[in-house]
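Structure record follows, encoded as structure tokens.
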Amino acid sequence: MTIHMKSFVALEMPLVLEQLAEHCQFSASRELAINLLPTHSFDVAKYRQTETTEARLLLKNHQHVSVGNACDVRDEVDRARLSAILQPIELVRIRSTIVSSRVLKKTILGTGNQFEILCQQAKILADLPELEHAIDCCIDDQAEVLNTASNVLAELREQVKSTNNELLQKLEHITHNPNNAKFLQETIITQRSDRYVILLKSNFKGRIPGILHGQSTSGSTLFIEPIVTVELNNQLQELQIAEQQEIMRVLRSLSEKVSKYAKEIEKNVEILAILDLAFARANYAEAITATQPILLTWTNNNNEVLNNARHGCPLKLLGARHPLLSPKDVVAIDFVVDNYTNVIVITGPNTGGKTVCLKTIGLLSLMAASGLHLPVESGSELPIFNRIFADIGDEQSIKQSLSTFSSHINNIKNMLASIDSRSLVLLDEIGAGTDPDEGSALAQALLEYVLQNGSTAVVTTHYQRLKIFSHNTDGVKNASVDFNPKTLQPSYNLTIGLPGRSNALIIAHNLEIPKQITDRARQLLSPSDQKADSLLADIYEHRETAIKAQKQQDKTTEQLEAQKSELQMRLDSIDDERRSILLDGHKQVERELQSIRSEIDDIRRDLKQAKLHNQVLRDAEKKVRVLEEKLVLSPDDSKQYQGITTPHDIRLGDHVYVARLRTNGVVVALQNGEAEVQIGRLRLRSLIDELRPTKNTRRDSDNTQNKIMDVQIKSPGMELHLRGQRIEDGLDNLDNYLTAAILAELPWIRIIHGKGTGQMRQAVREALKAHSGVKSFRTGEQGEGGDGVTVVTLE
């Protein structure tokens with residue numbers, strides 16, 4: 001994207017990048033964030049958006065993923081290339097960066113190929129085990145060189161320790177000798193010029209032979225190195241010098257290894273910065289409650305002409321919020337433009353939100369092209385513009401002798417030289433700052449020029465001429481920000497299709513300007529202006545009435561749907577209770593029959609074992625026949641229990657009723673208390689307890705798989721009403737409805753979720769996006785229910 005820096009600043013993109021940089025963990029990624037520029041390439045923007053989405057999912061599933069303690073060590077690596085010896089703290093920073101690269105690479109690649117872009121980046125990170133191990137063996141986390149750095153160093157340090165102890169013992173012998181007590185200022189040992197000395201009173205100079213290394217400020221104390229310790233002090237210093245030389249040799253060796261892997265380390269830093277920037281974009285998206293926009297390609301049909309204006313690409317920002325404003329305070333706007341509209345003219349009172357609306361559109365376009373998710377609702381769409389121009393605010397310059405009008409004209413002149421059919425032009429108070437007649441005429445001419453070039457433009461104005469021009473010109477639409485003249489407060493809502501009212505005379509009247517003045521002002525208005533204002537007033541009144549009626553209708557519909565849902569739940573509960581009672585009765589009958597059978601068996605056994613009189617035998621046989629007759633249910637009793645079976649009676653090949661879907665199917669597999677049911681062309685898994693055998697159940701153990709038949713599925717209807725339901729309940733109903741609609745092979749359906757706060761709408765569209773059976777979805781047209789309806793095309 002060609003960056004027009006004045007527009008870039010005017011749209012407050014640098015402030016967004018500063019907020020983004022606050023989410024970066026090290027300097028290399030912060031530098032990338034501050035210098036992040038939007039792209040004009042659709043493919044690059046799509047790549048960045050996908051990368052941000054992957055980062056959000058990764059951080060959601062692995063909350064502790066980060067670049068760790070990585071540092072931008074490219075300066076240290078450059079110095080190592082020039083044969084400089086790196087300091088221990090610099091080597092610790094390099095080791096931390098290598099470790100962070102290794103850990104992050106392992107974490108990302110450990111997710112499989114779930115995150116394609118992040119995995120591609122992670123694979124570039126180089127593992128440097130040799131260098132990591134070398135630094136780890138030589139330097140600890142506090143940047144101290146370890147004894148394990150070399151055998152020579154370990155031996156030297158042992159000698160230093162031994163010599164130091166011997167020296168201190170000799171000095172302690174001198175200071176603790178009772179004969180020397182009166183000569184010493186204190187019985188302590190200190191150092192001067194890296195040599196151990198004792199504190200001798202100045203008036204006893206020479207009493208303890210030695211070398212003078214100075215005296216105290218008062219002159220009362222002399223710092224003496226006793227002669228007997230000079231040789232040991234010399235040995236200690238020689239050993240310490242040798243130790244430092246060995247340390248420098250170790251550091252030089254490590255620095256050479258760093259130079260050897262310089263390219264790999266620098267590449268790791270670059271990749272870590274890219275990944276950290278992706279994580280920063282993900283965290284920033286969470287912070288502003290953002291969603292991934294749908295990026296649109298520019299239409300290839302640029303030859304289509306509407307009044308000499310080539311049509312461009314639709315722009316749909318739903319629930320759009322300015323990212324720099326608090327979500328609690330900002331009013332979200334819906335900005336929807338079709339691909340036959342090039343110019344939107346926003347009118348309305350001052351402080352009504354026109355400029356914020358303008359900035360929001362421009363800023364979100366820049367953010368989308370930079371790979372940032374947008375503070376909008378799901379389903380928002382926009383193209384990637386080649387250029388974005390904005391003339392917002394007052395750039396009056398005393399130094400350059402430029403008025404407000406002149407500065408605006410200069411900016412517009414520079415824009416006009418570069419705009420094309422893929423440019424976005426944003427003009428605040430177009431034509432203002434000069435004579436209203438000439439300014440409005442100039443503004444209309446500018447819009448006609450923009451229209452001829454096929455650019456997309458959004459402008460704000462107070463001019464009546466531009467309202468009329470927008471109404472009468474193809475490719476141009478009016479829009480307005482609402483204002484309550486009674487409370488004198490703006491609502492900040494944007495309405496596309498209606499021009500705004502000035503409300504100046506109404507406001508003046510409400511602020512108690514004398515009536516004769518406001519009446520006279522109305523008389524001075526031209527008849528056409530009066531007529532236009534009266535028509536607008538009627539339109540707004542009818543609109544408010546329609547909105548109230550729609551809200552009341554929605555409320556009533558929600559109540560009816562809630563009652564219907566409650567009744568259906570009661571019916572389902574009664575049906576389940578009836579099945580349970582019948583099943584319990586069936587089991588009771590079976591128990592009683594089993595008892596009777598046992599009693600018959602006992603009687604027969606007794607008859608065989610006893611020799612009885614003939615009459616007794618006849619009586620016994622009669623009892624047996626009576627009991628056997630009890631084993632046969634009456635036709636009415638048999639009918640009562642027909643079709644009532646236990647879940648364990650379900651077998652392969654059974655025709656069953658799936659209660660959850662209210663449809664029939666055929667059991668094709670059984671496992672672990674679950675059944676796989678064939679319903680037409682669809683197979684699904686269900687708990688066996690949710691299935692009921694139907695009357696036409698057929699079992700054939702030899703040919704089960706070959707006897708599956710297509711089942712006629714009843715249509716669930718073309719609409720699903722979710723208004724008045726909780727989001728969780730609504731999503732469950734949506735899932736069941738989608739399954740039923742797909743089974744019924746419906747081509748498309750309508751989901752009626754209402755407008756309300758927009759939360760149900762967003763949840764529904766997120767679910768639709770994730771459902772494999774949904775081909776596409778869109779917001780309802782004006783005659784279909786508008787934003788309160790989502791139209792879904794099924795696979």
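The values are calculated or read from the model by the stated rules, or taken from the named source; none is laboratory data. Source: prediction; values computed, not measured. When we count neighbours, we look across all protein chains shown, and the Cβ atoms used for this are built from the backbone with ideal geometry, even at glycine. These area figures cover heavy atoms from the full protein model, side chains too; ligands, DNA and RNA do not enter into them. Shrake-Rupley method; radii C 1.70, N 1.55, O 1.52, S 1.80 Å.
When the range 777-795 is filtered for residues that are touching a Ser or Thr at 6+ places or on another chain (Cβ under 8 Å) and either open to solvent by 20 Å² or more (accessible area, probe 1.4 Å) or assigned to a loop (DSSP other than H, G, I, E, B) (or both), the ones remaining, listed by number, are 777, 778, 779, 780, 787, 793, 795. Residue 453 satisfies every condition listed in (1) surrounded by fewer than 21 Cβ atoms within 10 Å (Cβ to Cβ); (2) within 40 Å of the chain's Cα centre (by Cα); (3) more than 21 Å from residue 297 (Cα to Cα) except (3).
Within the range 160-174, identify whether any single residue is part of a strand (DSSP E or B), of a type outside the set (A, V, I, L, M), modelled with pLDDT of 90 or more and out of contact with any helix residue (DSSP H, G or I) (no Cβ under 7 Å at 6 or more places or on another chain), and answer yes or no. The answer is no, given that none of the residues of the range 160-174 is part of a strand (DSSP E or B), of a type outside the set (A, V, I, L, M), modelled with pLDDT of 90 or more and out of contact with any helix residue (DSSP H, G or I) (no Cβ under 7 Å at 6 or more places or on another chain).
Yes/no matrix, rows are residues, columns are (1) in contact (Cβ under 8 Å) with a residue 12 or more places away in the chain; (2) touching a Phe, Trp or Tyr at 6+ places or on another chain (Cβ under 9 Å); (3) surrounded by 16 or more Cβ atoms within 10 Å (Cβ to Cβ):
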{"residue": "718", "(1), (2), (3)": "yes, yes, no"}
{"residue": "726", "(1), (2), (3)": "no, no, no"}
{"residue": "732", "(1), (2), (3)": "no, no, no"}
{"residue": "737", "(1), (2), (3)": "yes, no, yes"}
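Taking the criterion of being within 30 Å of the chain's Cα centre (by Cα) and in a strand (DSSP E or B), the residues of the range 717-752 that qualify are 720, 721, 748, 749, 750, 751, 752.
For residue 496, state whether it is modelled with pLDDT under 90, of a type outside the set (Lys, Arg), open to solvent by 40 Å² or more (accessible area, probe 1.4 Å) and closer than 24 Å to residue 344 by Cβ.
Numbers: modelled with pLDDT under 90: yes; of a type outside the set (Lys, Arg): yes; open to solvent by 40 Å² or more (accessible area, probe 1.4 Å): yes; closer than 24 Å to residue 344 by Cβ: yes.
For residue 496, the condition - modelled with pLDDT under 90, of a type outside the set (Lys, Arg), open to solvent by 40 Å² or more (accessible area, probe 1.4 Å) and closer than 24 Å to residue 344 by Cβ - is met.
For residue 206, state whether it is part of a loop (DSSP other than H, G, I, E, B) and surrounded by fewer than 16 Cβ atoms within 10 Å (Cβ to Cβ). So residue 206 fits the description; yes. Taking (1) open to solvent by 70 Å² or more (accessible area, probe 1.4 Å); (2) within 41 Å of the chain's Cα centre (by Cα); (3) in contact (Cβ under 8 Å) with a residue 24 or more places away in the chain; (4) farther than 15 Å from residue 97 by Cα in turn, residue 130 satisfies each apart from (4). Selection of the range 112-141 for residues being among the hydrophobic types (A, V, I, L, M, F, W, C) and part of a helix (DSSP H, G or I) yields 117, 118, 119, 122, 124, 131, 134, 135, 137, 138.
Inside the range 311-335, residues that are touching a helix residue (DSSP H, G or I) at 6+ places or on another chain (Cβ under 9 Å) and surrounded by 19 or more Cβ atoms within 10 Å (Cβ to Cβ) make up a count of 11. Scanning the range 174-195 for residues that are open to solvent by 90 Å² or more (accessible area, probe 1.4 Å) and either within 24 Å of residue 138 (Cα to Cα) or polar (S, T, N, Q) (or both) yields a total of 2. Going through the range 421-442 one residue at a time, which ones are over 15 Å from residue 392 (Cα atoms), under 41 Å from the mean Cα position of the chain (by Cα) and open to solvent by less than 40 Å² (accessible area, probe 1.4 Å)? Once the filter is applied, which keeps residues that are over 15 Å from residue 392 (Cα atoms), under 41 Å from the mean Cα position of the chain (by Cα) and open to solvent by less than 40 Å² (accessible area, probe 1.4 Å), the range 421-442 yields 421, 423. Pull up the range 144-161, narrow it to residues that are of a type in the set (S, T, N, Q) and more than 10 Å from residue 250 (Cα to Cα), then point me to the one that is most open to solvent (accessible area, probe 1.4 Å). Out of the qualifying residues, it is 151.
Can you report the number of residues in the range 210-247 which are loosely packed, with under 13 Cβ neighbours inside 10 Å and touching a Pro at 6+ places or on another chain (Cβ under 9 Å)? Counting residues in the range 210-247 that are loosely packed, with under 13 Cβ neighbours inside 10 Å and touching a Pro at 6+ places or on another chain (Cβ under 9 Å) gives 1.
The set of residues in the range 142-159 being outside any loop (DSSP other than H, G, I, E, B) and either in contact with a helix residue (DSSP H, G or I) (Cβ under 7 Å, 6 or more places away or on another chain) or aromatic (Phe, Trp, Tyr) (or both) consists of 145, 147, 148, 149, 152, 153, 154, 156, 157, 159.
Return yes or no: is residue 171 under 16 Å from residue 229 (Cα atoms), more than 48 Å from the chain's Cα centre (by Cα), in contact (Cβ under 8 Å) with a residue 40 or more places away in the chain and surrounded by 14 or more Cβ atoms within 10 Å (Cβ to Cβ)?
On the way: under 16 Å from residue 229 (Cα atoms): yes; more than 48 Å from the chain's Cα centre (by Cα): yes; in contact (Cβ under 8 Å) with a residue 40 or more places away in the chain: yes; surrounded by 14 or more Cβ atoms within 10 Å (Cβ to Cβ): yes.
Against the criterion (under 16 Å from residue 229 (Cα atoms), more than 48 Å from the chain's Cα centre (by Cα), in contact (Cβ under 8 Å) with a residue 40 or more places away in the chain and surrounded by 14 or more Cβ atoms within 10 Å (Cβ to Cβ)), residue 171 qualifies.
Per-residue answers, yes or no, for (1) open to solvent by 50 Å² or more (accessible area, probe 1.4 Å); (2) at pLDDT below 85; (3) more than 46 Å from the chain's Cα centre (by Cα); (4) on the phi < 0 side of the Ramachandran plot:
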position	(1), (2), (3), (4)
458	no, no, no, yes
483	no, yes, no, yes
489	yes, yes, no, yes
541	yes, yes, no, yes
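Going residue by residue through the range 681-691, is there one that turns out to be in a loop (DSSP other than H, G, I, E, B), touching a strand residue (DSSP E or B) at 6+ places or on another chain (Cβ under 8 Å), within 30 Å of residue 764 (Cα to Cα) and at pLDDT 80 or above? Give the derivation first.
Let us first name the residues in the range 681-691 that are in a loop (DSSP other than H, G, I, E, B), namely 681.
Going one step further and asking which of them are touching a strand residue (DSSP E or B) at 6+ places or on another chain (Cβ under 8 Å), we end up with none.
No, the range 681-691 contains no residue that is in a loop (DSSP other than H, G, I, E, B), touching a strand residue (DSSP E or B) at 6+ places or on another chain (Cβ under 8 Å), within 30 Å of residue 764 (Cα to Cα) and at pLDDT 80 or above.
Picking from residues in the range 751-776 that are open to solvent by 40 Å² or more (accessible area, probe 1.4 Å) and touching an Asp or Glu at 6+ places or on another chain (Cβ under 7 Å), the one that is nearest to residue 731 (Cα to Cα) is 762.
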